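Here it is, the structure in full.
No value in this document is a laboratory result; all are computed from the given coordinates. Everything numeric here is computed off the predicted structure, so don't read it as measured data. Note that we place each Cβ from the backbone using ideal geometry, even for glycine, and neighbour counts take in every protein chain shown.
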Amino acid sequence: MSDSDGSALGAIIGFILIAIAVVVVVVAAVILFGTAGALWGSSIAVNNYRKAFANNVSMEKPSIR
Amino acid sequence: MKQQPAIKSYFFGKGYRDLLNTIKESWANNNDSAQSYFSDAESNEWYLKILNIAAGISVIVFGTVFFLAISLLHITVLFFFFLLIYIGYSILWSTDALYRFKNKIFTACPHQDCYAKNILPVYHCPTCNAKHDQLWPGQYGILKRTCQCGTKLPTTFFNGRSKLRASCPSCDRPIEALEARPIVIPIIGAPSVGKTFFVFSLTYQIKEVLSQKNGFSFRFMNEYNESIYNSQISTLNSGQVIQKTTEKNPIALNFFIEKNSKQSLFYFFDSAGEAFSNSLNLVEHKFYDYFDGLIFIIDPFSISDVFEKYKKQLELNSNIRNSTFPLEDVYDASIINLEKNYHYKVKDKITKPVAIVFSKVDAFDLEDYIGEPAAMDLMKANPKLKSVGESIDYLCRQFLVDNSMEHLLRKFESKFPNLFFFSISSCGEKSLRIDKVAAYLINRIDKNILI
């Protein structure tokens with residue numbers, strides 16, 4: 001085998017490794033941002049529900065005559 | 001259920017409104033939050049723009065998912081508690097209703113011109129006097145109801161409802177029945193047959209004699225009844241004549257009898273004899289809708305043949321006031337009233353216990369015809385008759401036959417299959433055989449008070 005064949009193999013392997021690294025970073029970013037988004041959205045929803053609950057739920061008081 | 005002056009239980013109204021309002025407001029808040037992020041995205045740096053848009057989308061997507069999940073949880077938890085409350089309410093409402101049904105408890109108004117029958121009286125709040133006319137387990141409370149003034153009122157028979165001040169839903173006058181079983185007995189008879197003498201003598205027997213012998217307690221419903229009784233019974237015991245009854249629409253004489261922790265409230269309705277001259281006079285006597293037994297009083301001297309036989313003696317004895325009213329007219333007016341105004345058909349038999357009572361039997365020699373001496377003689381002659389009571393019953397029927405009143409006897413027997421004849425005299429404490437009438441009726445009406 002000649003030197004040029006060894007270089008081409010190295011390039012291919014390198015390319016594959018870089019591609020895998022990019023995919024991993026992208027997936028990690030998606031998971032990270034997705035999780036952050038989910039946590040953010042859910043915390044807003046929970047807080048809004050808590051406020052609505054506190055505003056609306058109460059026992060009726062008797063009127064004073 | 002009608003509107004009541006009380007706070008509705010949370011689980012029967014406000015709970016649903018609060019749930020709906022919470023969900024609506026939470027949804028609106030989420031929308032506002034998302035909108036605020038999108039508004040912020042319009043005027044910021046590009047990286048902040050991206051962040052705000054992402055936040056807005058996150059609120060819409062994940063916020064909605066979590067809003068739905070929390071709403072579902074809220075609904076589930078609340079409905080679980082609602083279900084427990086409804087099951088509890090159903091059990092208690094049914095128990096209360098069943099108790100009243102089984103013990104034949106309802107409210108009978110004893111007041112003149114009313115006599116209305118209702119499920120329960122109107123109960124009054126002890127603090128603000130608000131009227132609660134459906135005080136039972138329901139949407140205003142299960143074991144207790146909160147009046148509009150804040151006072152808690154019991155709602156069932158076992159937690160003190162009957163102790164509240166009560167009034168008749170129809171006429172508004174006080175009811176002191178304490179949710180006891182009413183035992184309603186109208187007294188029927190022509191003028192001057194001795195109905196009033198009988199009622200007070202009967203009450204005396206129940207109060208002073210039978211209660212001691214049979215282990216039940218007696219008390220008047222209120223001071224009014226007690227004072228009337230005391231006044232009339234002292235008149236009777238002193239040998240004087242009671243004033244003639246003039247009210248066509250009577251006021252009931254009421255007293256409680258209690259045995260084995262069960263209370264019954266007796267109602268004796270003593271109308272003026274003139275009320276029986278025409279069935280139209282009886283239309284307002286609504287107690288015929290729910291009576292438990294009847295007492296027909298017959299003055300022997302109102303029978304023509306008997307009157308003729310004792311005419312001269314009656315003229316000499318002014319203290320014996322004989323009735324001149326036709327006996328059959330009283331019977332006819334009573335039966336027509338029952339058939340026209342209540343649910344009795346012409347061919348119906350009235351199976352409630354009926355006592356046909358010959359009064360004034362202590363006069364002259366009537367005891368020798370329908371009294372105890374005659375009964376004892378009859379028993380000797382006829383061994384099939386096992387008791388003095390049975391013999392008197394036979395003798396009274398025969399008395400009607402022998403004195404040209406067989407047609408009336410047949411009318412009684414065909415209409416009332418559960419009747420018995422008695423002969424008595426009503427003289428307060430010296431009465432004859434009135435206790436037998438009481439025993440006959442009470443034993444057939446209320447098995448709790450066996451005499």
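I need the shape label for chain B. Rule: rounded when a/c is under 1.5, else prolate if a/b > b/c, else oblate, with a, b, c from the alpha carbon gyration tensor.
Prolate.
Hey, another quick one. Bin width 10 Å, alpha-carbon pairs only: give the P(r) of the protein assembly as shown as whole percents, running from 0 to the bin holding the largest distance.
Bin by bin from 0 Å, the calculated values are 3, 14, 19, 15, 10, 8, 7, 6, 5, 4, 3, 2, 2, 1, 1, 0, 0.
Antiparallel versus total DSSP beta bridges in the protein assembly as shown: what percent is that, nearest 5? Let's see the in-between values first.
Details: 26 of 45 bridges.
Expressed as a percentage, antiparallel bridges in the protein assembly as shown total about 60.
Using label points projected 7 Å from each Cα along Cα→Cβ, tell me how many nm separate B:E406 and B:V65, to one decimal.
Result: 10.0 nm between the two label points.
On to the next question. I'd like to compare B:89-101, A:35-47: which one has the highest average count of other Cβ atoms within 10 Å, and what's the full order after that?
Values: B:89-101: 14.5, A:35-47: 17.4.
Going by the mean number of other Cβ atoms within 10 Å, highest first, we get A:35-47, B:89-101.
Here's a follow-up. Quick check on my link table: of B:K244/B:K311; B:K415/B:K447; B:K309/B:K380; B:K104/B:K360; B:K144/B:K259; B:K131/B:K262, which ones sit more than 31 Å apart, alpha carbon to alpha carbon?
Details: B:K244/B:K311 22 Å; B:K415/B:K447 24 Å; B:K309/B:K380 27 Å; B:K104/B:K360 35 Å; B:K144/B:K259 28 Å; B:K131/B:K262 27 Å.
The pairs that break the limit, which is 31 Å between Cα atoms, are B:K104/B:K360.
What residues of the stretch B:83-119 lie in the reach of a label at B:K2, counting those whose backbone N is under 16 Å from a point 7 Å from the Cα along Cα→Cβ?
From the stretch B:83-119, the list is B:107-109, B:116-119.
Taking each residue in B:67-79, count the Cβ atoms of any other chain within 10 Å of its Cβ, then average. What number comes out?
2
Please work out the FRET efficiency for the pair B:I251 and B:F81, using the Cβ-Cβ distance as r and a Förster radius of 56 Å; give the result to the nearest 0.05. Intermediate results must be reported in sequence, preceding the final value.
Details: r = 50 Å, r/R0 = 0.90.
Plugging the Cβ-Cβ distance into 1/(1 + (r/R0)^6) gives 0.65.
Once R0 is set to 56 Å, what does the formula 1/(1 + (r/R0)^6) return for the Cβ-Cβ distance between B:A381 and B:N159, expressed as a FRET efficiency to the nearest 0.05? Walk me through the numbers before you get to the answer.
Working: r = 60 Å, r/R0 = 1.08.
E between B:A381 and B:N159, to the nearest 0.05, is 0.40.
Determine the shielding of peptide B:19-26 by partner chains: average, over its residues, the number of Cβ atoms on other chains within 10 angstrom of each Cβ. Mind showing how you got there, number by number?
On the way: counts 3, 1, 5, 9, 4, 2, 7, 11.
Taking the mean over all residues of the peptide, I get 5.
Let me ask something else. I want the local charge near B:E390. Using Cβ-Cβ distances under 15 Å, sum +1 for each Lys or Arg and -1 for each Asp or Glu among the other residues.
On the way: positive: B:K380, B:K384, B:K386, B:R397, B:R433, B:K436; negative: B:E372, B:D377, B:D393.
Neighbourhood net charge equals +3.
For peptide B:51-59, compute the average count of partner chain beta-carbon atoms within 10 Å of each residue's beta-carbon.
Numbers: counts 0, 0, 0, 5, 5, 1, 2, 12, 8.
Counting other chains' Cβ atoms within 10 Å and averaging over B:51-59 gives 4.
Any chance you could give the angle, 0 to 90 degrees and rounded to 10, that helix B:223-237 forms with the longest Cα principal axis of chain B?
10
If you line up the long axis of helix B:434-445 against the longest principal axis of chain B, both from Cα atoms, how many degrees apart are they, to the nearest 10?
30
Another question about this same structure. Measuring from centroid to centroid over Cα atoms, what is the spacing of the stretch B:81-133 and the stretch B:156-180 in Å?
Here the answer is 9 Å between Cα centres.
Taking R0 as 60 Å, what's the FRET efficiency between B:D32 and B:K102 from their Cβ-Cβ distance, rounded to 0.05?
Details: r = 59 Å, r/R0 = 0.98.
After rounding, the FRET efficiency stands at 0.55.
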